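J.: Sending over a structure as structure tokens; questions will come in a sec.
The values are calculated or read from the model by the stated rules, or taken from the named source; none is laboratory data. Keep in mind that this is a model prediction, so the values were computed, not measured. For neighbour counting, all protein chains shown are included, and Cβ atoms are generated from backbone atoms with ideal geometry for every residue, glycine included.
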Amino acid sequence: MATTERSFVDNVWDFFCSLKLTLFLLFSMALTSIIGTILPQGNLPPEYIASISPSKLQIYTKLGFFDMYHSWWFIALLYIFCVNLISCSIKRLPHVFKFVSQPTLVLPDSMRNISLKSELAFSGPVDKAQSRLTEFLGNEFSTPVVTEHNGEIHLFSQKASWSRLGVYVVHFSILVIFVGSIIGSLYGYKGFVNIVEGTSINAVGGRNGNPIPLGFEVRCEKFSVEFYETGAPKEFKSLLTVLENGRPVPGYSNVKVIVNDPLSYKGITFYQSSYGQASEGGDHFITVAPRGGGAPDKIAMREGTSIGLKDGSTLKLMETTQEVRQFAPGFTGPAARVELSRPGSAPQIFIVFKDFPDVNAKRGDSLIFGYEGTNAKMYTGLQVAKDPGVWTVWLGCALMVIGLGIAFFMSHKRIWVVISHGHARIYGNVNKNQTPFGMKFEEMSEKFKQIKI
Amino acid sequence: MSSSMLFNVTTFAYMISTVVFFAFLASKNKTIGSVASFVAYAGLIVQTVAIGLRWKESYDMGVGHAPMSNLYESIVFFTWTIVLILAYIDFRYKYRVVGAFVVPFSLLGMAWAQLGMNTGIEPLVPALQSNWLLYHVITCFLGYAAFAVACGVSIMYLIKAAVEGDDASKPAGGMMSMFPPIKVLDDLSYRAIMIGFPLLTLGIITGAAWANYAWGTYWSWDPKETWSLITWFVYAAYLHARITRGWVGKRAAWLAVIGFAATLFCYLGVNLFLSGLHSYGNSKM
Ligand code: HEM
């Protein structure tokens, strides 16, 4: 009974230590991850829901395919992966530590047929050979440890024995990154907030729409967009001020926030993300001048509204933009799209510009329209994030890069010199990257053979 | 002289090099092999100058940025890194013939870029205005290039292993005699992946650092990120598969080919078939 229980535990342990499991997990995670790059994730767009059959939708939802990377089975894969990593390290580390802490000072007979070796015959006394060869190893490689064993003298020297730990640094770093991401998901949040110019907020919207209080206020002083000649956007810029108890915090007034240059305060970071025109309270100013001359009328109206003009026609303000370039190549600045309807003729739709009065006038008509801009405010859309785990993640990343460097580009090199009466033999061994060490060893053994004792 | 002219010269050089490499395969004449390599490296130098010149031209146009900001520029850069990594492997391990299976990748890339794409210098959209772009792109593409070399070498391995059949004691004759022994090919592929894996890791990390700096999340499972992770998993599997017995040789070679297919999908497929934050030039901010 006891033995079968023991062997069951053994089997489980072996299962979690096995590299087969590692390969299975790596391939499973690689393959299943593809699902989430093909199917939409998070909130499904209505067009998508309309495009697939209800039964499929139900199955996919059940399987967690629409939030795949947080589904129970994907998380389970990640946890098994960690368990695999930890048990494998526990199993192997003692063996590796032995290499580091208990070097093979005496070359065992079983290792004497390794490929890197060479021999020196001498006629002098053994202790002279010992001191001469100790000096040689010290100069050419590294200072050896001397051991006497079965009438032979063994000189052992090594380099970078700790490099055998590089792989474990890599493995450990993966766990550190996991810990960092867990800290972030437990104690951090992601949010979003729109701030209208001149106003301030003290809470942001979280993932599920609940407001998250900040503990301070953020005011948007101004938002602006700059464009390239081609009409492509060049810069989205918000000027933000942080307020505590209603007063600006020194050093946090009118901070420029652009894409790729966020604002951080008390561990909370604000990222430029979107913008728009505040829907409330914006009047647009349209001028109407008779072509024959005379003072123009200035009309204030809102987007989407219509107004009757003196000559009996109706003007509708369809939409406006503060930068027309994307819509009308070759033009810049604010513009409005209007619809002019006269009784008995088809309505005309055209654009009036703020900065191109000549173009406005060119429209052959008895009335000349102009656009004077708006008093509507812009709002800036900010992504808000707090992530106390991020430095742990970076620590893990640094460890991983260092570990990979050690694992791939450094090797544990060992050299033994075994001295007995009349001859000495040199042996070399390296745990990886054979070729460069082999070359170095050949060079050394040439010199070794020339030593006169 | 303009960069676009030099890029045409580069494409031409890679084409000549590929043709001469094929002549080398057919003739087994060492001199021809050296000419093929020489032409490829001449192309590399011209391309280096061209990339530098394009960089300068962008500053002259007043939209100065490193030439790695759209699909065209990234393909050009990718082909450059491929030949660069090839040169490194060639000088270190001295197997000329590897070029015959690697330079064609660069030729295809350059030909596609020069013939099929808009080559104009574009100003940077706000999302790309960051030094992280440079670190991220350079590390990623050096990694991709090392994987391209590993893939080329693994294809050589698979061809040679197929010709030799199961009887490894009898090395194949003819064209195959020029290929390095299959053990060497296996080892070269492993070495190329040992270069590529840390670089891809750095590429993913710099990408995450940039995303965190620009958007406040180092990881958002966007398709490009996910595919880079998939690629990383495949190569991690490759490295571990080699440790367990039975996974050197053919299976490892197939894994290197699959890994490169995943790399290519990560680089191009995601942009062409899937949507996300990384679609060059499409992002609003
Ligand atoms: C994606 C995550 C992983 C990465 C990036 C990684 C990385 C590495 C690297 C770079 C090496 C050195 C390979 C070489 O020298 O060719 C290695 C070796 C190894 N890995 Fe991993 N590893 C990962 C996951 C795992 C897991 C989950 C296990 C669990 C058993 C594991 C077990 C091993 C073992 C046993 C070795 C050989 C160590 C030795 O040679 O002494 N690895 N790993």
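J.: Tell me whether the stretch A:424-444 contains one or more residues that are closer than 30 Å to residue A:161 by Cβ, of a type in the set (A, V, I, L, M) and surrounded by fewer than 20 Cβ atoms within 10 Å (Cβ to Cβ). Spell out the reasoning first.
T.: Let us first name the residues in the stretch A:424-444 that are closer than 30 Å to residue A:161 by Cβ, namely A:424-444.
Applying the additional criterion that residues be of a type in the set (A, V, I, L, M) yields A:424, A:426, A:430, A:439, A:444.
Filter once more, keeping what is surrounded by fewer than 20 Cβ atoms within 10 Å (Cβ to Cβ): A:439, A:444.
Yes, because at least one residue in the stretch A:424-444 is closer than 30 Å to residue A:161 by Cβ, of a type in the set (A, V, I, L, M) and surrounded by fewer than 20 Cβ atoms within 10 Å (Cβ to Cβ).
J.: I've got another one for you. Looking at the stretch A:38-70, which of its residues are in contact (Cβ under 8 Å) with a residue 24 or more places away in the chain and of a type outside the set (S, T, N, Q)?
T.: From the stretch A:38-70, those in contact (Cβ under 8 Å) with a residue 24 or more places away in the chain are A:39-42, A:65-69; that's our starting set.
Across the stretch A:38-70, the qualifying residues are A:39, A:40, A:42, A:65, A:66, A:67, A:68, A:69.
J.: With (1) assigned to a loop (DSSP other than H, G, I, E, B); (2) out of contact with any strand residue (DSSP E or B) (no Cβ under 8 Å at 6 or more places or on another chain); (3) among the aliphatic types (A, V, I, L, M) as the list, and residue A:107 as the residue in question, which single condition is left unmet?
T.: Only one criterion in (1) assigned to a loop (DSSP other than H, G, I, E, B); (2) out of contact with any strand residue (DSSP E or B) (no Cβ under 8 Å at 6 or more places or on another chain); (3) among the aliphatic types (A, V, I, L, M) is unmet by residue A:107, namely (2).
J.: Out of the stretch B:240-268, which residues are more than 9 Å from chain A (Cβ to nearest Cβ), outside any helix (DSSP H, G or I) and touching a helix residue (DSSP H, G or I) at 6+ places or on another chain (Cβ under 9 Å)?
T.: Initially, the stretch B:240-268 is screened for residues more than 9 Å from chain A (Cβ to nearest Cβ), giving B:242, B:245-246, B:248-261, B:263-268.
Applying the additional criterion that residues be outside any helix (DSSP H, G or I) yields B:245-246, B:248-249.
Once the filter is applied, which keeps residues that are more than 9 Å from chain A (Cβ to nearest Cβ), outside any helix (DSSP H, G or I) and touching a helix residue (DSSP H, G or I) at 6+ places or on another chain (Cβ under 9 Å), the stretch B:240-268 yields B:248, B:249.
J.: Does the stretch B:208-216 contain at least one residue that is more than 16 Å from residue A:392 (Cα to Cα), outside any helix (DSSP H, G or I), assigned by TED's automatic domain parsing to the domain that holds residue B:248 and away from the ligand (no atom under 16 Å from the Cβ)?
T.: Checked against the condition, which is being more than 16 Å from residue A:392 (Cα to Cα), outside any helix (DSSP H, G or I), assigned by TED's automatic domain parsing to the domain that holds residue B:248 and away from the ligand (no atom under 16 Å from the Cβ), the stretch B:208-216 yields no hits at all.
J.: So, one more: For the stretch B:221-239, which positions are within 7 Å of chain A (Cβ to nearest Cβ) and of a type in the set (Phe, Trp, Tyr)? Lay out the reasoning, then the answer.
T.: Of the stretch B:221-239, the ones within 7 Å of chain A (Cβ to nearest Cβ) are B:221, B:223, B:226-227, B:229-230, B:233-234, B:236-237.
If the condition is that a residue be within 7 Å of chain A (Cβ to nearest Cβ) and of a type in the set (Phe, Trp, Tyr), then B:221, B:227, B:233 are the ones that fit.
J.: Among the candidates B:227, B:254, single out the residue that is surrounded by fewer than 21 Cβ atoms within 10 Å (Cβ to Cβ), more than 15 Å from the ligand (Cβ to nearest atom) and within 19 Å of the chain's Cα centre (by Cα). Explain how you work it out, then say what you get.
T.: Working: B:227 fails: surrounded by fewer than 21 Cβ atoms within 10 Å (Cβ to Cβ).
None of the other options fit; the residue is B:254.
J.: Does residue A:142 fit the bill of being away from the ligand (no atom under 16 Å from the Cβ), of a type in the set (S, T, N, Q) and either touching a Leu at 6+ places or on another chain (Cβ under 9 Å) or at pLDDT 90 or above (or both)? Don't jump to the end; show me each part of the working.
T.: Numbers: away from the ligand (no atom under 16 Å from the Cβ): yes; of a type in the set (S, T, N, Q): yes; either touching a Leu at 6+ places or on another chain (Cβ under 9 Å) or at pLDDT 90 or above (or both): yes.
When the stated conditions are applied, residue A:142 passes them.
J.: Same structure, new question: Do the conditions hold for residue A:99, that is, is it within 15 Å of the ligand (Cβ to nearest atom), more than 14 Å from chain B (Cβ to nearest Cβ), among the aromatic types (Phe, Trp, Tyr) and surrounded by 17 or more Cβ atoms within 10 Å (Cβ to Cβ)?
T.: Numbers: within 15 Å of the ligand (Cβ to nearest atom): yes; more than 14 Å from chain B (Cβ to nearest Cβ): yes; among the aromatic types (Phe, Trp, Tyr): yes; surrounded by 17 or more Cβ atoms within 10 Å (Cβ to Cβ): yes.
So residue A:99 fits the description; yes.
J.: Return the residues of the stretch A:162-207 that are away from the ligand (no atom under 16 Å from the Cβ), in contact (Cβ under 8 Å) with a residue 40 or more places away in the chain and within 14 Å of another protein chain (Cβ to nearest Cβ); say none if nothing qualifies.
T.: Those that are away from the ligand (no atom under 16 Å from the Cβ), in contact (Cβ under 8 Å) with a residue 40 or more places away in the chain and within 14 Å of another protein chain (Cβ to nearest Cβ): A:182, A:183, A:184, A:185, A:188, A:189, A:190, A:191, A:192, A:193, A:204.
J.: Just one of B:45, B:75, B:51 is assigned to a helix (DSSP H, G or I) and either within 15 Å of the chain's Cα centre (by Cα) or not β-branched (Val, Ile, Thr) (or both); which is it? Break it down into steps so the answer makes sense when it comes.
T.: Values: B:45 fails: either within 15 Å of the chain's Cα centre (by Cα) or not β-branched (Val, Ile, Thr) (or both); B:51 fails: either within 15 Å of the chain's Cα centre (by Cα) or not β-branched (Val, Ile, Thr) (or both).
It is B:75.
J.: Which condition breaks for residue A:45 when tested against (1) away from the ligand (no atom under 12 Å from the Cβ); (2) surrounded by 16 or more Cβ atoms within 10 Å (Cβ to Cβ); (3) modelled with pLDDT under 90?
T.: The failed condition is (2).
J.: Okay, moving on. Which condition from (1) within 11 Å of the ligand (Cβ to nearest atom); (2) surrounded by fewer than 16 Cβ atoms within 10 Å (Cβ to Cβ) is the one that residue A:38 breaks?
T.: Going through (1) within 11 Å of the ligand (Cβ to nearest atom); (2) surrounded by fewer than 16 Cβ atoms within 10 Å (Cβ to Cβ) one by one, residue A:38 breaks only (1).
J.: Yes or no: residue A:88 under 22 Å from the mean Cα position of the chain (by Cα) and farther than 22 Å from residue B:222 by Cα?
T.: On the way: under 22 Å from the mean Cα position of the chain (by Cα): no; farther than 22 Å from residue B:222 by Cα: yes.
Criteria not met by residue A:88.
J.: Counting residues that are away from chain B (no Cβ under 14 Å) and in contact with a Lys or Arg (Cβ under 7 Å, 6 or more places away or on another chain), which strands (runs of 3 or more DSSP E) fully inside the stretch A:335-439 reach at least 2? Step through it out loud before you land on a result.
T.: Working: elements: A:335-341, A:348-353, A:367-374, A:378-386, A:413-420, A:423-430.
Once the strands (runs of 3 or more DSSP E) in the stretch A:335-439 are filtered for at least 2 residues that are away from chain B (no Cβ under 14 Å) and in contact with a Lys or Arg (Cβ under 7 Å, 6 or more places away or on another chain), what remains is A:335-341, A:348-353, A:367-374, A:413-420, A:423-430.
J.: Report, by residue number, each residue of the stretch A:399-453 that is of a type in the set (Ser, Thr, Tyr) and more than 30 Å from residue B:236 (Cβ to Cβ). Even if it seems obvious, please write down each step before you answer.
T.: Looking only at the stretch A:399-453, we keep the residues that are of a type in the set (Ser, Thr, Tyr), and these are A:411, A:420, A:427, A:435, A:445.
A:420, A:427, A:445, listed by residue number.
J.: Still on this structure, I have one more. Tell me which residues, restricted to the stretch B:205-219, are surrounded by fewer than 22 Cβ atoms within 10 Å (Cβ to Cβ) and either under 19 Å from the mean Cα position of the chain (by Cα) or more than 9 Å from every other protein chain (Cβ to nearest Cβ) (or both).
T.: B:206, B:211
J.: Find the residue count for the stretch A:319-332, including only residues that are surrounded by 16 or more Cβ atoms within 10 Å (Cβ to Cβ) and either touching a residue at least 40 places away in the same chain (Cβ under 8 Å) or of a type outside the set (Phe, Trp, Tyr) (or both).
T.: Filtering the stretch A:319-332 down to residues surrounded by 16 or more Cβ atoms within 10 Å (Cβ to Cβ) leaves A:320-321, A:323-325, A:328, A:331-332.
Then drop every residue that is not either touching a residue at least 40 places away in the same chain (Cβ under 8 Å) or of a type outside the set (Phe, Trp, Tyr) (or both), which leaves A:320-321, A:323-325, A:328, A:332.
Result for the stretch A:319-332: 7.
J.: Considering only the stretch A:195-233, how many residues are assigned to a strand (DSSP E or B) and crowded, with 18+ Cβ neighbours inside 10 Å? Full working, then the answer.
T.: Within the stretch A:195-233, the subset assigned to a strand (DSSP E or B) is A:195-196, A:200-205, A:211-227, A:233.
Narrowing the set further to residues that are crowded, with 18+ Cβ neighbours inside 10 Å leaves A:195-196, A:201, A:204, A:214, A:217-220, A:223, A:233.
Residues meeting the conditions: 11.
J.: For residue A:38, which of the numbered conditions (1) at the interface with chain B (Cβ under 9 Å from one of its Cβ atoms); (2) of a type outside the set (D, E, K, R); (3) farther than 25 Å from residue B:219 by Cα fails to hold?
T.: Unmet condition: (3).
J.: Check whether at least one residue in the stretch A:408-416 is more than 45 Å from the chain's Cα centre (by Cα), outside the structural domain of residue A:193 (by TED's automatic domain parsing) and either of a type in the set (S, T, N, Q) or more than 16 Å from the ligand (Cβ to nearest atom) (or both), and report yes or no.
T.: First, pick out the residues of the stretch A:408-416 that are more than 45 Å from the chain's Cα centre (by Cα): A:416.
With the extra rule that they be outside the structural domain of residue A:193 (by TED's automatic domain parsing), the set shrinks to A:416.
Then drop every residue that is not either of a type in the set (S, T, N, Q) or more than 16 Å from the ligand (Cβ to nearest atom) (or both), which leaves A:416.
Yes, that holds for at least one residue.
Yes/no per residue for (1) assigned to a helix (DSSP H, G or I); (2) farther than 21 Å from residue B:228 by Cα; (3) within 14 Å of chain B (Cβ to nearest Cβ):
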| position | (1), (2), (3) |
| --- | --- |
| A:20 | yes, yes, yes |
| A:23 | yes, no, yes |
| A:27 | yes, no, yes |
| A:31 | yes, no, yes |
| A:49 | yes, yes, no |
| A:56 | yes, yes, no |
| A:67 | yes, no, yes |
| A:84 | yes, yes, yes |
